[in-house]
Amino acid sequence: MNDFGVRDVDVVVIGAGQAGLSGAYHLRRAGLAPDRDFTVLDRAPRPGGAWQFRWPSLTYGKVHGMHALPGMESAQALDADAARPSSEVIGAYFAAYEERFGLRVRRPVEVTAVREDDGGRLLTETSEGAWSSRALINATGTWDRPFWPRYPGQETFRGRQLHTADYPGPQEFAGLRVIVVGGGASGTQHLMEIAGVAAETYWVTRRTPVFREGPFDEEAGRAAVALVEERVRQGLPPRSVVSVTGLPLNDAVRRARERGVLERLPMFERITPAGVEWGDGRTAEADVILWATGFRPAIGHLSPLRLREPGGGVRLDGTRAVRDRRVHLVGYGPSASTIGANRAGRAAVREIKRLLEERAPTLA
């Protein structure tokens, strides 16, 4: 840790994606001042949260359910060009939001650990020194923890393996044989793009994909959030909200199904030097395996606080960690969506305000 000294604030917000900015906005509305009363720390080099790292071919028109941040109309309402990369559109929207509300995000700042400080406070250790606070809003999302499944023979594969987090767009797959693993929105988007330039594609998923008719509106989003919430209440690792919504059945998906691009195969049993092999002896040769297998919550820096339950997750009451009332997780489990993140930011600040009004903060 660099020698920047320890700075005292009431609240530290870790992460400046949708959830973190929502929390910061509601802290300001509650009368707390940036830098003096709270600080926002972000690992990313610029505004935009995880959106800034999305592949260029994911244009704004292809975005699956982006909702406005609290207090400011959405990028869509600002007449954003649907053909522009979503990283540019949403990054510009987040930057304008930070400026409008004077949120003064510090970046790039790497948070290494959050642990007990003296006098019932929390010490957030970072690449830019440390902050001591009475409460913490953790909004680190999942982008920094791509999930790579492990299969027998994986290390023998002579081709290239990469994850959604490193997806460069379809151009690098021209003329290649590609296996896309994963039944989520990213997997289908990758597959449909790659199929137009690849020599051959295969789509492999653990479960049979479910396609959903109709728009992904606010009501649908709230229903999806409710399906995830129970796992978090039980202290189990959360499933993503997207995983329970089904795949949107739009015109592009319909055309891909008609062309046979979205013909799903069950999960293979092993990886060979030349490709993959199923339990019945079938094989497929490939040059690339693309793992569109999702992400896990990036909360390793909270390990010193011992928040995890025996089931492996952090049990929450609303947004508050049951094991430590000073810590709120937003953008985690049921709030890992643009709708849920906005609501979680407001709920976290409501409870933090009550905590700050107490004379002596105590653990749950």
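Every number here is computed from the coordinates shown, using simple stated rules; none is lab data. Keep in mind it's a predicted model, so treat the numbers as computed, not measured. A quick note on method: Cβ atoms are made from the backbone with ideal geometry, for glycine too, and the neighbour counts reach across all protein chains shown.
Figures for the structure shown
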| quantity | calculated |
| --- | --- |
| Helix 86-100 axis, angle to the chain major axis (alpha carbon atoms, nearest 10°) | 10 |
| Crossing angle, helix 338-357 versus the chain [Cα axis fit, 0-90 degrees, rounded to tens] | 20 |
| Ordering of 284-294, 191-201 by packing [mean C-beta count within 10 Å, highest first] | 284-294, 191-201 |
| Label-point gap, in nm, between ASN250 and ALA95 - each point 7 angstrom along Cα→Cβ | 2.5 |
| For GLY235, residues with placed amide H under 5 Å, excluding near neighbours | LEU316 |
| Extended-chain gain in nm, criterion 0.36 nm per residue less alpha-carbon gap, ARG36 and PHE53 | 3.1 nm |
| Span from the the range 10-61 Cα centroid across to the the range 169-184 one, whole angstrom | 32 |
| Bridge type composition, the chain - antiparallel percent by DSSP, nearest 5 | 40 |
| Stretchable slack from VAL197 to ASP166, in nm (0.36 nm times residue separation minus alpha-carbon distance) | 9.3 nm |
| Gyration tensor (alpha-carbon) shape descriptor, the range 68-140, a/c threshold 1.5 | prolate |
| Gap separating the Cα centres of the range 107-151 and the range 286-340, nearest whole Å | 12 |
| Amide H within-cut-off set for ASP117, under 5 Å, with H built and near neighbours excluded | LEU122, LEU123 |
